[in-house]
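One structure is given below, encoded as C-alpha cells.
All of the numbers you see were taken from the coordinates with simple rules; none came from a lab. Since this is a predicted model, take the numbers as computed values, not measurements. Here the Cβ positions follow ideal geometry from the backbone for every residue, glycine too, while neighbour counts run over all protein chains shown.
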Amino acid sequence: MTGNHQSLALLLFSAFVAVTLGITTWVSRNRHGSAEEFYAGGRLFSPLENGFAIAGDYMSAASFLGISGLIALFGYDGLLYSVGFLVAWLVVLFLVAELVRNCGRFTLADVVAARMRERPVRIAAGTSSVTVSVLYLVAQMVGAGSLVALLLGRTSEAAQAWTVIGVGALMIVYVSLGGMRATTWIQIVKAVLLLGGTVALTVLVLVRFHGDFDRLLLTAADRSGHGAAFLAPGLKYGGDWTARFDFMSLGLALVLGTAGLPHILSRFYTVPTARAARRSVVWSIGLIGGFYLMTIVLGFGAAAIVGPDAVRGSNAAGNTAVPLLALDLGGGADSTGGTVLFAVVAAVAFATILAVVAGITLASSASVAHDLYASLRRRRGTPRSEVTVARTAAVGIGVAAIALGLLARDLNVAFLVGLAFAVAASANLPVLLYSLFWRGFTTRGAVWAVYGGLVPALALVALSPVVSGSPESLFPGVDFQYFPLQNPGLVSIPLGFLAGWLGTVTSAEEPDEAKHAETEVRSLTGAGAV
Amino acid sequence: MQSSNGRPRGGGPESPAGSQEPPTPSALGAPDGAGYDDPWYDALASGWGESPGGGPAGAVPPARPAPEKVAAADVYLQVQRSQAFQEVRSRYRRFVVPAVTGFFAWYVGYVVAATTAPGLMAHPVVGAVNVAMLAGLGQFLSTFLLTWAYARHARLRRDRAALELRWDTQELTRGARGGAS
C-alpha cells in the first residue's frame, strides 16, 4: 500500500475520532449523572435510532472484513457462516427483546434476580456477563492491532501496540464520560458509515457485472479454481467429521448466543417501551440482513474481481479481501478512485471497531457496577455512587482489555468471537429463558444454569486444539488437548440447560408462585416497567 | 399523565409501580381511557391496519380493583389468573412456540445438511444457482418474513390488550400500596 492510502485513511479516521469525541463532549456537557442516564441513555431513544445502534453494535469488523474474506477464499462456506448471525435475531425478537425490556432495568441479572434470591443470582449472572464481554473485547482489540498492520502496511510491533492502546483509550473516554448516550450516537454514526460504504461497494460490484448476479457467481467460481464446488458447501467446513461437528457447534453458538450477549441486551433498555424495543429489533434485522446480503455480493465480487490467490497472498485469513476489492473497483492501485475507496474502507473498519468496543465496555461496566459490586459490597450506596463505580469499572476494564490485547497480540485469537457467543449461549441464555418461561425455576437452578454453562464452555476450550496440541494453538509447545472441537457450544449449551433443570429439581426451595406471576405479568404487559 | 403511567423515576430498584406517587382521582376513574393518549403508547403504528377481528383481547377489562386492599404481591397473581391476561399470554405463545420451533428446525436442518450432505446441496437448479444457494437465501427470506409476521401479529393481536392490562395492573398495585415487593 502506498503512502497516499495511508495518509488519506488516517485523515478520515481522525475525522471520525474528532466527530465521536465531539459527540461525547456534547453529550456529557449537561449530563445528570444518574444510573438511568449512564446505563440507558435516559431511555428515550426512538426505535429507528436504537435499531441503527443495535446494528452498529452487532456488525463488527470481523463481519465486514472477515465474512467477505471467507467468501472470497472459500465461497459458499462463508455465506453459511453469515446466516447464523442473522437468524439469531429471531431468537432475540421472539423470546427476549420485549420481555427483557419489560422486566429489567439495566442488565441481564435484573431479569433473573427479580424472581430469585438476589445476591447469588446477581453474582453468577454478572460473572458470566463480564466473561462474555471480556472475551469479545480482547478479540476486537487484537483485531484492531492487526487491522492497522494490514490496512496501513505498518507491521511494526510498535505501531500495533500503539493502535491497541489508542483504541482502548478512546473507548474509555467515550464510555466513562459519555455513558450510554454517547455510545449510542457513536454506534449510529458508525452504522450509517458502514452501511453507506457497503452499499457503495455493492453497487460498484453489481455495475461491474451489469447487475447479473449469476455471472458474478460463475466468474467467482471460475477464478477460484474450484469450479462449481466454490458455490457449494464443503471447502472450509467440510473436511473430516471433526471439522463438520465443529461448524455445527459454531452455528448453534451463533444462533443461540446473540440473545445472551450483554451488550445487545443492554440496548433494549434505551427505549421507553417493549413495543419500541420490538420495533428497534425489526429495524436492526432489516439493517443486519441487508448488510449480510451485501457482504455476500462483496465476497463473491472479491473472488471474481481480485481473485482468491491475490487475496490469500495479502492475508491468509482473507481479511483484506474487501480493501483489495475497493482498490480495484476504484480504478486500481495508483488511481485517485482506488485510493479514496481504499481509505474509506479502512476508516470504516476502524470506526466499526471503535463503536463495537465502546458498546461492550459499557455493558461490562454495567455488569460490574450494577451486579457484582452491588452484591459483593453490601454498602449503602445512592444511585450516584453506582455510576461512579461504573465509570471506574469502565476505566478498569479498558485498561485490562488493553493489557490483554497487548499480551495476545501475536496469538491466533480468531476463535474468541465464536467462544464469546458459545459462552453467552451456554451461560446466559438458559437462565434467561428459564426465568422468563418456567414457573418452577428456583434460585439454585438459576445459579447452576449459569455456572453449569460457563464452566464447561471455558474448560472445554482450555482442553481444545485452540489452546494446545496443534501448530495453530495459543501454546503450540504443549499438548493437553482432550476435546476435539474448537467451539464448545455443541456440548456446553445443552449442559447449561441441563444444569439449570437439575439444579431446580434438586433444590429444596419452593418456587415462589407470586414472584413468577409478577415476572410473567410484567414481561407480557409491561406493568411496572421502568 | 405522569401519574397514570406510573413510571418510578429513579425509584426503588425493583418496585413494580410508581407507588411513590399518590393516585390522582382522574387516573383512577378512567383506567381504560388513560392508555391511548399516553406518551408511552406509540401513536405512530397504533392506527395502522388494525383489522376488525383483532381488536382488544377479551373486551372485558380484567380484574377491577377489589373493594378490600390486597397485597401488591397478590395483585400479580390476580392479574395472572384473569381471563384477559391468559388470552394475551396464549396469543403470544400460540405464535411464538410454532415460530421458534419452525425456524430453529429449519436453521439446524440447513446447517446439518450443508455439513453432512454437500452433494445434495451442490445440486444445480438454474444457472450458477444451486440448492445450497437457494437454501441460504431462503434463510434470509424466512427471517425477514417471520420478523414481519411477528411484528404484525404483536401489533394487531397483543399490543392493545397488553397495554390495557398494564394500566389496570398498575392501578391495582397502586391501590395495594404498602404491600410487599
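Take each residue in B:92-102, count the other chain C-beta atoms within 10 Å of its C-beta, and the mean is 2. For peptide B:118-129, the mean count of partner chain Cβ atoms within 10 Å of a residue's Cβ comes to 5. Local charge for A:LEU354 was computed over the other residues whose Cβ lies under 13 Å away, with Lys and Arg +1 and Asp and Glu -1, and equals 0. The C-alpha atoms of chain A define a longest principal axis, and helix A:76-91 lies at about 30 degrees to it.
Taking label positions 7 Å along the Cα-Cβ direction at both B:LEU120 and A:ASP410, the computed distance is 4.7 nm, reported to one decimal. With a simple spin-label model that places each label point 7 Å from the Cα along the Cα-to-Cβ direction, the separation between B:LEU145 and A:ALA149 comes to 4.6 nm. Sorting A:ILE23, A:ILE288, A:ILE172 from the fewest to the most surrounding beta carbons within 10 angstrom yields A:ILE23, A:ILE172, A:ILE288. Counting 0.36 nm for each residue step from A:VAL395 to A:ALA161 and taking away their Cα separation leaves a gain of 82.4 nm.
By the beta-carbon count within 10 Å of each Cβ, the least crowded to most crowded order of A:TYR39, A:TYR76, fewest first, is A:TYR39, A:TYR76.
Placing +1 on the Cβ of every Lys and Arg and -1 on the Cβ of every Asp and Glu, with no other charges, gives chain A a dipole of roughly 1480 debye about its Cα centre. Note on A:ARG439 and A:LEU10: their simple-model spin labels are 6.7 nm apart, each label 7 Å out from Cα toward Cβ. Note on A:248-260: average number of Cβ atoms from other chains within 10 Å of each residue's Cβ is 2. Of B:LEU141, A:LEU329, A:LEU95, the sequence from fewest to most neighbouring Cβ atoms within 10 angstrom is B:LEU141, A:LEU95, A:LEU329. Region A:505-530 and region A:384-407 have Cα centres spaced 33 Å apart. Between A:SER385 and A:ARG215, full extension at 0.36 nm per residue minus the direct alpha carbon distance yields a gain of 55.1 nm. Working note: Cα gyration tensor of region B:95-178, eigenvalues times five, square-rooted, sorted largest first, giving semi-axes of 45, 14, 7 Å.
Distance from a point 7 Å along Cα→Cβ of A:ASP240 to each backbone N in region A:450-467: keep the residues under 18 Å and list them by number. From region A:450-467, the list is A:463-467.
Computed 3J(HN,Hα) for region A:185-196, one whole-Hz value per residue from the Karplus formula 6.51 cos²θ - 1.76 cosθ + 1.60 where θ = phi - 60°, is 5, 4, 5, 5, 4, 4, 4, 5, 4, 5, 5, x, glycine and proline marked x. With R₀ fixed at 45 Å, the C-beta to C-beta distance from B:ALA71 to A:LEU48 puts the FRET efficiency at about 0.65. Each residue of region A:260-275 is assigned a 3J(HN,Hα), and the resulting list reads x, 6, x, 6, 7, 4, 5, 5, 6, 7, 8, 10, x, 9, 4, 4 Hz, derived from the Karplus form 6.51 cos²θ - 1.76 cosθ + 1.60 (θ = phi - 60°), x at Gly and Pro. Using equal-weight Cα scatterers in the Debye expression, the normalised intensity of the protein assembly as shown in log10 at q = 0.10 Å⁻¹ is -0.95. Projecting the Cα atoms of A:GLY126, A:VAL530, A:LEU341 onto the charge dipole of chain A, computed from C-beta unit charges around the Cα centre, puts A:VAL530 farthest toward the positive end. Among rounded, prolate and oblate, which fits region A:62-119 when a ≥ b ≥ c are the square roots of the eigenvalues of its C-alpha gyration tensor, a/c under 1.5 means rounded, and a/b larger than b/c means prolate? Judged from the Cα gyration tensor, region A:62-119 comes out prolate (a/c at least 1.5, a/b above b/c). The dipole here belongs to region A:153-240: it is taken about the Cα centre, uses +1 on the Cβ of Lys and Arg and -1 on the Cβ of Asp and Glu, and is about 280 debye. Placing a label point 7 Å from the Cα of A:ALA403 along the Cα-to-Cβ line, the residues of region A:339-368 whose backbone N sits under 17 Å from it are A:365.
Label point 7 Å out from A:ALA316 along Cα-to-Cβ: which residues of region A:208-250 have amide N under 12 Å? Output list for this probe position: empty. Give the residue from B:VAL100, B:TYR110, B:SER82 lying farthest towards the positive end of the charge dipole for region B:60-181; charges sit on Cβ (+1 for Lys and Arg, -1 for Asp and Glu) and the dipole is referred to the Cα centre. Final value for the positive-end residue is B:SER82.
From the alpha carbon centroid of region A:193-263 to that of region A:305-324 is 14 Å. Placing +1 on each Lys and Arg Cβ and -1 on each Asp and Glu Cβ, with no other charges, gives region B:60-181 a dipole about its Cα centre of roughly 280 debye.
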